[in-house]
Amino acid sequence: MSAQIISGTEIAKQIREELKQEIAQLKEKHNLVPGLASVLVGEDPASQVYVGSKVKTCDALGIYSERNDLPADTGEEKLLALIDRLNKDPKIHGILVQLPLPKHIDAEKVLYAIDPKKDVDGFHPVNVGRLMIGEPDYLPCTPHGIQQLLIRSGTKIAGAEVVVVGRSNIVGKPIANILLQKKEGANATVTVCHTGTKDMSFHTKRADILIVAAGKPKAITADMVKEGVVVIDVGVNRIGKTAEGKAILCGDVDFDAVKEKAKAITPVPGGVGPMTIIMLMQNTVRAAKLAAGLA
Ligand SMILES: NC(=O)c1ccc[n+]([C@@H]2O[C@H](COP(=O)([O-])OP(=O)(O)OC[C@H]3O[C@@H](n4cnc5c(N)ncnc54)[C@H](OP(=O)(O)O)[C@@H]3O)[C@@H](O)[C@H]2O)c1
């Protein structure tokens with residue numbers, strides 16, 4: 001059996017089209033234009049690419065975007081003053097602070113200064129807490145993208161044995177929380193594995209849905225999964241360079257071997273990656289609707 005490939009590229013395109021229509025309607029019916037402000041400190045090339053592609057996606061969808069690029073030596077007070085201005089600006093519904101911030105800045109202090117209503121990344125403790133109690137305003141982008149991949153690929157989540165490998169605050173913990181809620185697109189039995197787990201294979205072999213966010217190339221091998229499992233590979237590992245100097249990427253799952261046993265699997269690249277930006281756009285639209293009393 002060779003697995004169905006769950007294409008994040010295709011599913012992100014579907015969501016993009018849906019959002020485009022929704023944004024056009026918000027403008028037409030309510031004269032509402034969602035706005036996203038990005039904040040980038042320093043000249044880290046990867047961060048510049050990430051912010052650039054977020055701004056480009058905003059433009060393509062009709063979301064107003066404001067880019068704030070600050071020099072690397074920007075002080076914490078100046079950054080906090082900018083966040084305060086953006087918190088108060090009615091044109092801005094979402095604020096995105098690109099990480100990592102330079103070492104002289106307390107990233108936690110900056111992220112926690114964002115008004116939780118504009119926290120479209122979903123990292124503020126208020127939003128983490130709301131997710132935990134099942135009343136989220138926003139779901140964090142990567143885990144929300146994973147849930148959408150499962151739903152839109154027709155994977156049965158309710159009642160499934162879900163095993164998550166990794167317990168980070170940005171992927172492992174939130175996806176475990178999302179899928180255990182007593183809600184549509186969730187209601188699973190969730191196990192979370194980490195480096196303290198005694199026998200990881202024991203757990204991964206039980207999984208109907210296996211979500212791997214460990215940051216370890218090919219950590220999950222074919223002997224660790226059961227026939228018919230659905231695999232979501234979140235890992236992005238740079239394992240070398242092509243002759244042209246392009247990074248060679250691989251996931252946390254041994255894709256070629258595991259796809260022979262799995263029912264469905266995401267590739268790397270082209271799986272979870274493309275979902276993250278589009279879910280950020282969806283959160284920005286939701287933030288605008290919440291601010292306008294339309295959600
Ligand atoms: N595509 C996307 O949009 C996207 C978004 C975010 C992250 N990622 C990728 O996803 C991966 C994980 O990211 P992250 O930020 O969640 O990573 P992280 O903060 O480094 O957390 C990794 C987690 O995996 C666990 N772990 C590591 N090796 C393990 C092993 N051999 N067995 C069991 N557990 C293990 C760690 O356990 P301990 O807690 O015990 O240390 C930790 O909880 C990375 O490759 C990252 O680049 C992709």
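The values are calculated or read from the model by the stated rules, or taken from the named source; none is laboratory data. Here the structure is a predicted model, which means the values were calculated and not measured. As a convention, Cβ positions derive from the backbone with ideal geometry for all residues, glycine included, and neighbour counts pool all protein chains shown. The accessibility values were calculated without ligands, DNA or RNA, using every heavy atom of the protein model including side chains. Shrake-Rupley method; radii C 1.70, N 1.55, O 1.52, S 1.80 Å.
Mind listing whichever residues of the stretch 191-218 are crowded, with 20+ Cβ neighbours inside 10 Å and among the hydrophobic types (A, V, I, L, M, F, W, C)? Walk me through how you get there before you give the answer.
Kept after step one, since they are crowded, with 20+ Cβ neighbours inside 10 Å, are these residues of the stretch 191-218: 193, 204, 207, 209-214.
Cys193, Ala207, Ile209, Leu210, Ile211, Val212, Ala213, Ala214 - these are the residues of the stretch 191-218 that are crowded, with 20+ Cβ neighbours inside 10 Å and among the hydrophobic types (A, V, I, L, M, F, W, C).
Residue count for the stretch 261-277 satisfying the condition of being within 15 Å of the ligand (Cβ to nearest atom), among the aliphatic types (A, V, I, L, M) and surrounded by fewer than 24 Cβ atoms within 10 Å (Cβ to Cβ): 2. Considering the stretch 46-87 alone, what residues qualify as being open to solvent by 70 Å² or more (accessible area, probe 1.4 Å) and under 16 Å from Leu36 (Cβ atoms)? Once the filter is applied, which keeps residues that are open to solvent by 70 Å² or more (accessible area, probe 1.4 Å) and under 16 Å from Leu36 (Cβ atoms), the stretch 46-87 yields Tyr50, Lys56, Asp59, Tyr64, Arg67, Asp69, Arg85.
Just one residue in the set Lys91, Lys20, Lys27 is in contact (Cβ under 8 Å) with a residue 24 or more places away in the chain, surrounded by fewer than 17 Cβ atoms within 10 Å (Cβ to Cβ), under 22 Å from Met279 (Cα atoms) and over 25 Å from the mean Cα position of the chain (by Cα); that residue is Lys27. Kindly establish whether Gly185 is open to solvent by less than 40 Å² (accessible area, probe 1.4 Å) and closer than 20 Å to Arg130 by Cα. Answer is yes for this residue. Within the stretch 196-242, take every residue that is β-branched (Val, Ile, Thr), part of a loop (DSSP other than H, G, I, E, B) and in contact (Cβ under 8 Å) with a residue 24 or more places away in the chain and give me the one that is farthest from the ligand (Cβ to nearest atom). Filtering first and then ranking leaves Val229.
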